[in-house]
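Taking it in order: structure first as structure tokens, then the write-up.
The values are calculated or read from the model by the stated rules, or taken from the named source; none is laboratory data. If you're wondering where the values come from, they're calculated on a predicted model, not measured in any experiment. Neighbour counts are summed over all protein chains in view; Cβ atoms, including those assigned to glycine, are modelled from backbone coordinates with ideal geometry.
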Amino acid sequence: MSRLLLKGGRVIDPAQGLDQTLDVMISEGTIEEMGPRVQPRGAQVLDMKGLVVCPGFIDIHTHLREPGREDKETIATGTRAAAAGGFTAVCAMPNTDPVNDTAGITRAIVEKARAEGATRVYPIGAITRGQKGEELAEYGDLKEAGCVAFSDDGRPVASARVMRRALEYARAFDLVLIDHCEEPTLAEKACMNEGPVSTHLGLRGQPAAGEAIVVERDVLLAELTGGRVHIAHLSAAASVDAVRRGKARGVKVTAEATPHHLFLTDEAVRETGYDTNTKMNPPLRSEADRQAVLLGLRDGTIDCIATDHAPHTVDDKKVEYDQAANGIVGLETAVALCLDRLVGEGLVELPYLVALLSTNPARVLGLPGGTLAPGSPADLTVLDLAKKRQVDASRFESRSRNTPFGGWILKGWPAMTIVGGRVAWKDAR
Ligand SMILES: [Zn+2]
Ligand SMILES: [Zn+2]
């Protein structure tokens with residue numbers, strides 16, 4: 001395997017507390033050494049002057065849609081989108097068709113990803129068979145086949161009894177449950193957040209309390225069982241509060257937030273005139289909720305930023321607002337949005353953002369990577385903080401185009417993605 005020397009970049013590795021100009025030598029798919037002046041010794045040299053070199057970004061919440069909805073996304077197109085967005089690994093949610101609830105399906109995903117994936121793919125298995133919320137899946141078999149966590153994402157686990165048993169069972173395998181928190185009886189037929197905007201627009205809303213009730217429940221159940229729960233796409237102020245209090249008590253709870261909940265509110269539904277690319281679940285919330293999520297991100301209550309990349313066809317979105325599919329694509333905009341709106345606005349320091357996108361996701365799910373320490377996998381994300389560009393959905397690698405961020409001008413973009421010591425993507429524009 002070839003050797004690569006990344007020369008003269010600003011190397012940020014939160015795991016080692018590093019932020020300085022260094023050379024990084026990659027050999028045999030691992031980080032070999034790092035230093036102020038590393039001799040090439042026959043390696044291919046890549047000039048990193050003016051660029052930032054980070055441990056590879058890991059998206060722990062991606063919908064790749066394969067198997068079953070290859071018209072929306074495939075493992076090949078989804079991982080190309082990930083690489084182009086600065087991610088070196090994605091965790092694939094199990095709400096495919098069929099649902100990833102057996103070892104055979106997990107193995108098929110792992111094999112396909114190995115053959116066609118531009119990035120690493122870590123499958124997530126279902127909490128319950130068919131994601132029906134009743135019988136638990138076989139966690140031991142799923143783990144052995146390659147699953148790194150369990151989730152019924154797309155749906156909540158409605159029964160507290162089932163959730164309790166799932167936490168106990170997952171604990172035996174030392175794996176995390178990723179929790180889509182939604183009280184179904186409060187969310188019925190809703191298509192946006194409940195509040196003044198939904199009232200004004202005449203659309204049925206779901207209250208933020210419907211999310212927070214389940215976050216509270218599952219923090220308590222994690223405490224009861226000693227199991228580990230990770231709250232997906234946290235969107236409500238009361239949910240942030242529940243996680244914060246749980247962590248203070250020593251409960252094994254972690255959480256993620258998405259760029260859309262950090263940078264948009266339910267006002268976007270009104271402002272865009274019912275653009276269905278503002279429709280997702282959980283919905284865009286109020287400004288007070290958004291501020292609370294931002295605060296939770298800054299004070300360490302929220303551990304990671306995840307995309308909830310949810311590709312849909314034009315037909316699934318070009319319908320009445322209440323009929324439209326939930327979700328937006330996120331892999332190719334998340335990093336640029338965070339660089340522009342969090343780091344650019346001075347809300348978060350760059351090393352802290354790198355931790356939110358790399359070190360912390362690796363820690364939360366116990367994945368390889370998340371550091372550039374010698375011996376680690378050679379997964380790296382290179383950033384160009386000076387690059388200014390408009391979001392252009394027509395140029396996405398993803399098979400789908402459903403983004404509310406089209407036309408946004410953002411400063412700071414991924415420049416290169418290296419996976420296992422090979423350049424998986426390089427900005428050619
Ligand atoms: Zn979800
Ligand atoms: Zn999701």
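Would you say Ile58 is in contact with a Leu (Cβ under 9 Å, 6 or more places away or on another chain) and within 16 Å of ligand 2 (Cβ to nearest atom)? When the stated conditions are applied, Ile58 passes them. Of the residues that make up the range 387-395, is at least one more than 17 Å from the chain's Cα centre (by Cα), in a loop (DSSP other than H, G, I, E, B) and basic (Lys, Arg)? No, there is no match, as no residue in the range 387-395 is more than 17 Å from the chain's Cα centre (by Cα), in a loop (DSSP other than H, G, I, E, B) and basic (Lys, Arg).
Scanning the range 1-59 for residues that are of a type in the set (Val, Ile, Thr), under 22 Å from Lys411 (Cα atoms) and part of a loop (DSSP other than H, G, I, E, B) yields nothing. Residues of the range 92-105 that are part of a loop (DSSP other than H, G, I, E, B), closer than 25 Å to Pro368 by Cβ and more than 16 Å from ligand 1 (Cβ to nearest atom): Asp101, Thr102. Do we find a residue being away from ligand 2 (no atom under 16 Å from the Cβ) and part of a loop (DSSP other than H, G, I, E, B) anywhere in the range 148-159? Yes, the range 148-159 has at least one match. From the set of residues in the range 155-201 that are of a type in the set (Asp, Glu) and on the phi < 0 side of the Ramachandran plot, which is modelled with the lowest pLDDT? Per the stated criteria, the residue is Glu188. Does the range 190-214 hold any residues that are in a loop (DSSP other than H, G, I, E, B) and touching a residue at least 60 places away in the same chain (Cβ under 8 Å), and which are they? If the condition is that a residue be in a loop (DSSP other than H, G, I, E, B) and touching a residue at least 60 places away in the same chain (Cβ under 8 Å), then Ala190, Cys191, Gly195, Leu203, Arg204 are the ones that fit. The single condition among (1) of a type in the set (Gly, Ala, Ser); (2) under 19 Å from Gly370 (Cα atoms); (3) assigned to a loop (DSSP other than H, G, I, E, B) that Ala89 does not satisfy is (3). When the range 171-196 is filtered for residues that are more than 16 Å from ligand 2 (Cβ to nearest atom) and in contact with a Gly (Cβ under 7 Å, 6 or more places away or on another chain), the ones remaining, listed by number, are Arg171, Phe173, Glu183, Leu186, Ala190, Met192, Asn193, Glu194, Gly195.
In the range 216-276, counting only helices (runs of 4 or more DSSP H) that sit wholly within it, the ones holding 1 or more residues that are charged (D, E, K, R) and touching a residue at least 12 places away in the same chain (Cβ under 8 Å) span 237-248, 267-271.
With respect to the conditions (1) surrounded by fewer than 23 Cβ atoms within 10 Å (Cβ to Cβ); (2) touching a residue at least 60 places away in the same chain (Cβ under 8 Å); (3) over 24 Å from Thr278 (Cα atoms), Val176 lacks only one, and its number is (1).
Whenever a residue of the range 129-153 is under 17 Å from Gly104 (Cβ atoms), its partners that are within 16 Å of ligand 1 (Cβ to nearest atom) and of a type in the set (Asp, Glu), lying with C-beta atoms within less than 9 angstrom and at least six residues away or across chains, give the pairs Gln131/Asp152; Gln131/Asp153. Of everything listed in (1) within 27 Å of Ser358 (Cα to Cα); (2) out of contact with any strand residue (DSSP E or B) (no Cβ under 9 Å at 6 or more places or on another chain), the single unmet condition for Ala126 is (2). Restricting the search to helices (runs of 4 or more DSSP H) fully inside the range 301-360 and requiring at least 1 residues that are surrounded by 24 or more Cβ atoms within 10 Å (Cβ to Cβ) gives 334-338, 350-354.
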